[in-house]
Structures are given as C-alpha cells and as structure tokens.
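Below is one structure; the comments refer to it alone.
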Ligand code: F6R
C-alpha cells in the first residue's frame with residue numbers, strides 16, 4: 001500500500017522523509033521517491049525498488065531543504081518503474097504531488113489535458129493530479145487544489161507542494177487515510193502514524209473531504225469546499241509496533257477489518273456511474289473472443305483456489321459456461337484438455353506462486369488465453385497473463401490470507417457479470433440488482449465485524465478441541481473449505497471441510513460427543529437438506545454452530561446449539577459475508593492458544609517453490 005510522508009519545519013527534510021518512509025515499509029511497496037525545495041527550486045529524486053536504491057541515489061547528491069514530501073508506491077496504475085514512482089510533477093515542474101488511492105476518471109482527465117498540450121511522463125493516475133493543479137493555479141495553491149479535487153472521482157490522500165509558495169504544504173483526504181503531525185515550529189503529514197511517531201505524538205486525523213494547509217507555525221483545517229473547521233488534537237500513546245498495526249494486536253486482525261475498504265477499492269471504477277453495468281476497461285479480451293470461450297479453467301493454490309471454487313459457481317450461474325477449478329500443483333500433471341477456446345483464470349495474491357505460474361505457462365503453451373486475478377501489479381503472474389484484474393486489497397502481511405481472498409471473490413463477481421453482459425446470459429435488471437447488492441457488502445461486513453466479541457467467545461470454547469468439522473452445501477461448502485484451512489493454518493487444530501451431504505458416506509464415523517461442527521446454512525434452496533445433515537451429526541453428539549442469514553434464526557435455532565447471523569444478501573454473494581465470522585473464529589482460536597497469529601509455523605507468505 002502506498003505511503004506518504006511530508007515535512008515543513010526548521011530541520012533538513014530529506015532524512016525525516018526517508019526515515020518516515022522506512023517506518024511505512026511494513027505496508028509493502030515497489031518504488032519510492034522524495035521532492036524537496038532546494039536552493040535550485042523543487043527537486044525530485046525517485047527510484048524503483050527498495051528504499052536503499054533511493055538512498056543510494058541521494059547519497060551522492062542529497063536534496064537540501066526544510067520542506068519536502070515523500071512516497072512509497074504500491075503499483076495500481078502502471079508497472080513499478082522510476083517514471084511511475086511518486087512524487088509527480090507537471091510540465092512546468094513547479095508543482096509536485098504524492099498520492100495514495102485511485103482516480104477513477106483519470107483517463108478522461110488525461111485525454112482533456114493531452115488535447116490542451118500537456119505531456120505526460122508516466123502511466124499513473126497521479127500525474128494527472130499535478131497537471132490539473134497547475135492548470136487551476138492562479139496564485140493560491142489552496143484554491144487550485146480545491147478546484148482540481150472537484151474534478152476528480154475516486155479515492156485520494158494527497159500531499160502537494162508548489163515552488164510558487166514554498167512555505168506551504170497542502171494535504172487532502174478523500175477515502176484514503178491521512179494524518180497531520182504537530183511539532184514545535186514544524187509540521188508533518190503521513191498516511192499512517194508510525195511514519196511520524198518519532199517526532200510527535202500530537203496529531204489531527206483528517207476525515208474524508210477535509211484538507212489541511214501546513215506552515216512551520218500552524219495548521220489550517222478546512223473542508224475541500226473551503227469551509228474552515230476545528231478539530232481536537234489526538235494524542236497517540238501507542239508504541240511503534242501497535243501503530244504499525246493501526247492499533248490492532250495483529251496484522252491479521254487489521255487486515256480482516258480492512259475488508260470493507262478492500263471491497264470498495266476493488267469495485268471502484270469498475271461499475272458504471274448508473275450502477276447498471278460492469279466496466280472492466282483493463283481487459284483487452286474482446287467481446288468476440290469472450291463469445292468464443294467454451295470452457296473455463298480456474299487454477300490456483302490454497303486460499304486463492306478456494307476463491308476459485310466460488311468463482312466456478314459464479315461464472316457457471318451468471319454466464320452458463322462450464323468451469324473446472326483446479327489445484328495448480330495438480331493441473332499440469334493431469335493432462336487437462338486445453339484448447340484455444342479455453343479461458344484459464346489464474347488466481348494469486350502474490351502473483352509469484354510457483355505452481356500457479358507453472359500452470360499459467362502450461363495453459364499458454366497449449367494456446368489458451370490467460371486471465372490473472374492478482375493483488376500485485378508487475379508480479380510474474382500479472383506480467384505473463386494476457387489480461388489482469390488487479391484486486392485492490394493492498395499488501396497483505398499476515399501469512400493467513402483474508403482480505404486478498406474476499407477481494408478475489410469481488411473480482412470473480414465483476415468478471416462473471418462482465419461475461420454475462422457480453423454473452424447476454426442475464427438481463428440488465430438482474431445485473432443491476434447484483435451490482436446494487438455488491439455495493440452494500442462493505443457496510444454489511446462492518447456489521448459482522450462489530451460482533452467480533454461474540455465470535456471470540458465461540459472461538460475460546462472450541463479452541464481446546466482436537467478436531468472439528470465445517471459443513472455446507474453449494475457455495476457454503478466452498479466457504480467451509482476456506483474456513484477449515486484458515487483454522488488449521490493458524491490455530492493448528494485439525495479440521496476438515498465436508499460437503500454436508502457427503503458426511504454419511506464415511507466421515508460421520510468421526511463424529512462423537514462434543515465434536516464441534518460449524519455448519520454454513522446460507523443457501524436458502526439447500527437449507528432443508530443441510531438441516532437434515534445437521535440432524536445426523538447432532539444425533540451423534542456434535543456441538544453445532546450455525547452460520548445463518550438474518551431472519552432465518554428462529555427457524556434454524558432448534559436445529560443447532562449456537563447461531564451466528566450474517567446480513568442478508570443475494571445467495572451468490574453470501575461467501576463475501578459468511579467467510580468473515582470464520583476468519584474471526586480462526587484468529588481468536590489461535591490467539592487463545594497463544595500462537596504466533598501472523599507468522600504460523602511451517603508457512604511462508606509467498607510460496608515460490610513447486
Ligand atoms: C492461506 C494462504 C495460502 C495462499 C497460497 C497461494 O491463508 O495464504 O493458501 O493462498 O499459498 O498464494 P498466492 O495467492 O500468493 O498465490
């Protein structure tokens with residue numbers, strides 16, 4: 001995730017910016033840069049790769065000055081490169097901008113600017129912002145920023161400098177976090193508290209639609225419409241480690257809580273303004289090519305494969321094309337039938353998983369077209385695929401994948417709808433209905449997260465069992481598999497996921513008094529059947545937790561021991577909600593057993609061996 005740091009004060013800014021960026025390294029990044037007012041004017045140095053590369057460039061030629069902005073970039077628009085790194089500037093080189101977030105309408109804005117004679121150095125959406133501000137500048141940087149911001153749609157946290165007003169630093173927040181640090185004769189901006197904690201513990205937290213104008217002496221706070229506001233100073237009493245985790249005890253819990261934002265970010269700019277259709281403008285595959293597809297193979301590992309299991313149902317239901325989902329390490333060796341009419345979808349958070357990459361290459365060798373769903377722009381999978389849908393979950397640090405999985409689900413929903421739209425398999429009204437329901441998911445996830453304490457209690461009550469089961473039918477079965485994997489990997493409790501109707505063909509022998517069974521019962525048309533399977537396990541002494549839809553509690557209560565209700569959505573979308581209590585369950589089970597939640601034994605975040 002991109003990081004922002006800015007400084008205006010009496011000390012040299014370069015070391016403060018670099019130190020601040022280092023404190024944000026844990027968020028992940030692929031390039032970095034700083035802009036400083038020097039005696040020569042606004043000077044920018046940037047470099048792809050680690051911060052050490054940037055430091056290397058600056059060591060021979062330091063930027064001397066007491067006002068500056070810095071940035072670590074996590075690519076979203078355009079690959080990681082020197083040119084795409086921030087800060088960006090305009091053609092006059094008098095304005096400089098660092099930006100976190102995504103400008104949805106940047107292509108439109110860029111086109112207008114190009115027609116007016118502007119030249120661009122990068123593929124980024126951010127560069128458009130520096131040009132826009134330059135166009136709007138009439139002697140007051142604050143007004144210019146306000147005017148530019150009004151033209152932008154999307155999410156942004158900005159730090160802006162202009163050579164015309166070297167004693168002001170402007171900060172804006174809109175759907176991307178930004179804080180202001182208050183020191184004696186010096187002020188700071190940062191995307192996250194750790195970046196400035198060494199210098200000050202007194203901060204203003206900007207809300208969406210607010211901006212700040214920083215000078216050495218003070219901070220003016222206002223809305224982006226220009227109305228002045230006042231705010232209480234927030235005193236941070238966290239240590240650095242707590243600050244890195246945003247106040248959460250672990251990265252995993254932080255990432256679970258980041259899911260509403262990950263959903264919105266992954267949808268942003270991919271749904272038409274009237275909300276009636278999907279617009280995946282990043283895809284180069286044509287309508288004609290999509291129409292020629294006669295089968296889809298989804299290939300991935302672990303949690304990403306589980307997202308693929310949901311993806312199979314999504315594509316089959318929406319587009320009526322047959323889909324097979326495979327474990328990547330098996331795919332190549334089963335001699336799959338791949339033809340030029342096969343679309344192979346590879347799913348990978350890291351984009352570097354060796355088995356997934358090998359499957360991608362096998363698919364291409366056999367003439368298939370490959371679509372990648374990945375979280376990392378510029379990763380091997382993203383580079384080698386024909387088309388890429390980037391999930392905008394931001395970097396995932398905890399080994400156990402949570403927000404990457406749910407963002408992959410969102411990507412499947414979007415792609416499934418895109419296919420349906422192109423093939424004409426669903427009518428416009430239905431597509432609009434699914435999209436409207438998707439827009440409600442972030443708020444519905446928030447409602448589940450607010451009940452974390454309830455799940456914590458359940459987790460503590462099951463954590464000392466040696467083994468447990470997850471059961472469900474249809475999409476509930478796909479989610480059960482993810483719930484079971486999550487529990488195993490961080491709590492080390494043995495668990496199995498079973499298609500609810502399959503238990504009686506053998507595994508039922510393992511059910512005895514007190515064995516916990518987590519039953520997902522969110523697919524209404526399968527509810528009765530699942531309830532019969534629950535009766536089978538209850539008759540053998542199982543202790544059943546039911547994950548159900550709000551409104552179904554009364555009907556299901558008598559069949560289970562404990563209930564957890566999730567907000568109601570369309571059956572196809574329930575995995576994006578029902579997995580959240582399961583993530584929390586494994587988190588709290590691991591916590592209560594005293595395990596290292598973020599770094600479970602024997603596992604690595606990126607698996608680059610076959
Ligand atoms: C489990 C988990 C793994 C990964 C798998 C694939 O929480 O994170 O199962 O999903 O190793 O990794 P990516 O998605 O990076 O290809």
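Please go through the range 382-397 and give me each residue that is surrounded by fewer than 22 Cβ atoms within 10 Å (Cβ to Cβ) and assigned to a loop (DSSP other than H, G, I, E, B), ordered by number.
Listed by number, the residues that qualify are 386, 395, 397.
Could you tell me which of the residues 411, 420, 404 is in a helix (DSSP H, G or I), at pLDDT 95 or above and away from the ligand (no atom under 13 Å from the Cβ)?
420
Given the conditions (1) touching a strand residue (DSSP E or B) at 6+ places or on another chain (Cβ under 7 Å); (2) within 25 Å of residue 173 (Cβ to Cβ), which single one is not true for residue 90?
(1)
Taking the range 306-325 as the region of interest, how many residues are within 16 Å of the ligand (Cβ to nearest atom) and touching a helix residue (DSSP H, G or I) at 6+ places or on another chain (Cβ under 7 Å)?
Of the residues in that region, 6 qualify.
Of the residues that make up the range 278-300, is at least one outside the structural domain of residue 474 (by TED's automatic domain parsing), assigned to a loop (DSSP other than H, G, I, E, B), exposed (fewer than 14 other Cβ atoms within 10 Å of the Cβ) and at positive phi?
no
Look through the range 120-166, keep the residues that are assigned to a loop (DSSP other than H, G, I, E, B) and within 25 Å of the chain's Cα centre (by Cα), and return whichever of them is farthest from residue 68 (Cα to Cα).
Filtering the range 120-166 for residues that are assigned to a loop (DSSP other than H, G, I, E, B) and within 25 Å of the chain's Cα centre (by Cα), the one farthest from residue 68 (Cα to Cα) comes out as 153.
If we scan the range 555-569, do we find a residue that is in a helix (DSSP H, G or I), exposed (fewer than 15 other Cβ atoms within 10 Å of the Cβ) and either touching a helix residue (DSSP H, G or I) at 6+ places or on another chain (Cβ under 8 Å) or at negative phi (or both)?
yes
State all residues of the range 358-381 that are more than 16 Å from residue 297 (Cβ to Cβ) and either within 12 Å of the ligand (Cβ to nearest atom) or touching a helix residue (DSSP H, G or I) at 6+ places or on another chain (Cβ under 6 Å) (or both); if no residue qualifies, say none.
Residues satisfying the conditions are 374, 375, 376, 379, 380.
Let me spell it out: the conditions are (1) without any contact (Cβ under 8 Å) to a residue 40 or more places away in the chain; (2) away from the ligand (no atom under 13 Å from the Cβ), and residue 328 meets all of them except one. Which number is the exception?
(2)
Yes or no, residue by residue, for (1) free of Cβ contacts under 8 Å to residues at least 40 places away in the same chain; (2) over 23 Å from the mean Cα position of the chain (by Cα):
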position	(1), (2)
232	yes, yes
242	yes, no
251	no, no
264	no, no
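Only one residue in 531, 603, 577 is within 16 Å of the ligand (Cβ to nearest atom) and closer than 30 Å to residue 313 by Cα. Which one?
Of the residues listed, the single one that is within 16 Å of the ligand (Cβ to nearest atom) and closer than 30 Å to residue 313 by Cα is 603.
May I ask you to say which residue of 417, 526 is under 30 Å from residue 292 (Cα atoms) and in contact (Cβ under 8 Å) with a residue 40 or more places away in the chain?
Result of the check over 417, 526: 417.
Every residue in the range 12-60 that is assigned to a loop (DSSP other than H, G, I, E, B) and under 24 Å from residue 244 (Cβ atoms), please.
Across the range 12-60, the qualifying residues are 24, 28, 29, 30, 49, 50.
The values are calculated or read from the model by the stated rules, or taken from the named source; none is laboratory data. Computed from a prediction, not measured in an experiment: that's the story for all the values here. All Cβ positions, even for glycine, are placed from backbone atoms using ideal geometry, and neighbour counts span all protein chains on display.
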